[in-house]
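Worksheet for the structure shown next.
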Amino acid sequence: MAQQFPTRQWGSRTTAVSRVANKFAATKPGSWLIRKLTPLDRAVLERTDAKYTVLGPIGAPLILLTTIGRKSGQPRTQPLLHVHDGDVLYVIGSNFGQEHHPAWTANLLANPAATVTIAGQRLPVDATLVEPADKDAVFARFVDITGAYAAYRDRTTRDLRIFALRRV
């Protein structure tokens, strides 16, 4: 039996602040602001082992994903929302609906070995692309977390990469 991932969610997605934040994140200005906050958020998440985020207790299921740069060979860490499915974590390369894939997705394609920091733990994982037949169901779960993902998909013509992360 595969090992379960720990769970950690700071706050609730059902508060008024969370609902407003999710609606704002779906807008272009909201996406821009979140992109600008990402370096600060990464620092907060790194200092707290992915327990707290600069966005506050809005119920966002966040992890830190550390990949190995396909060109540099250096560790690259990105805060990401995820879908928790027991022994699998799903992450999506939405890149806020921009026309290019985020670099971390190309890193995983080149080297699927990565590390996830979740609930104060650093865990080695192996990444695989979600099969096309399963993508719609997994994507719907991201939209359940925040409707912003539907807006991100509508902004771009590229196929959003979704990865399943499993502990090694």
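The values are calculated or read from the model by the stated rules, or taken from the named source; none is laboratory data. Small disclaimer: the values here were computed from a predicted structure and weren't measured. Neighbour counts are summed over all protein chains in view; Cβ atoms, including those assigned to glycine, are modelled from backbone coordinates with ideal geometry. The accessibility values were calculated without ligands, DNA or RNA, using every heavy atom of the protein model including side chains. Shrake-Rupley method; radii C 1.70, N 1.55, O 1.52, S 1.80 Å.
Annotation: Ile63 fulfils all but one of (1) among the hydrophobic types (A, V, I, L, M, F, W, C); (2) crowded, with 20+ Cβ neighbours inside 10 Å; (3) at pLDDT 95 or above; the unmet one is (3).
Which ones in segment 111-140 are of a type in the set (Lys, Arg) and at pLDDT 95 or above? The one that is of a type in the set (Lys, Arg) and at pLDDT 95 or above: Lys135. Residue check: Thr128 meets all listed conditions (1) touching a residue at least 40 places away in the same chain (Cβ under 8 Å); (2) touching a Pro at 6+ places or on another chain (Cβ under 7 Å) but one, namely (1). Taken over segment 79-110, residues that are touching a Lys or Arg at 6+ places or on another chain (Cβ under 7 Å), open to solvent by 20 Å² or more (accessible area, probe 1.4 Å) and polar (S, T, N, Q) amount to 0. For the structure I just gave you, tell me whether Arg76 is under 16 Å from the mean Cα position of the chain (by Cα), charged (D, E, K, R), surrounded by 15 or more Cβ atoms within 10 Å (Cβ to Cβ) and outside any helix (DSSP H, G or I). So Arg76 passes the test. The residue that is most open to solvent (accessible area, probe 1.4 Å), counting only those in segment 114-168 that are basic (Lys, Arg), under 25 Å from Asn22 (Cα atoms) and outside any loop (DSSP other than H, G, I, E, B), is Arg153.
Filtering segment 26-53 to residues that are open to solvent by 40 Å² or more (accessible area, probe 1.4 Å) and touching a helix residue (DSSP H, G or I) at 6+ places or on another chain (Cβ under 7 Å) leaves Ile34, Arg35, Tyr52.
Residues in segment 10-25 include none that are of a type in the set (D, E, K, R) and either open to solvent by less than 30 Å² (accessible area, probe 1.4 Å) or in contact with a Ser or Thr (Cβ under 7 Å, 6 or more places away or on another chain) (or both). Scoring Glu99 on the criteria (1) modelled with pLDDT of 95 or more; (2) within 23 Å of Ala140 (Cα to Cα); (3) more than 15 Å from the chain's Cα centre (by Cα); (4) not basic (Lys, Arg) leaves a single failure, condition (1).
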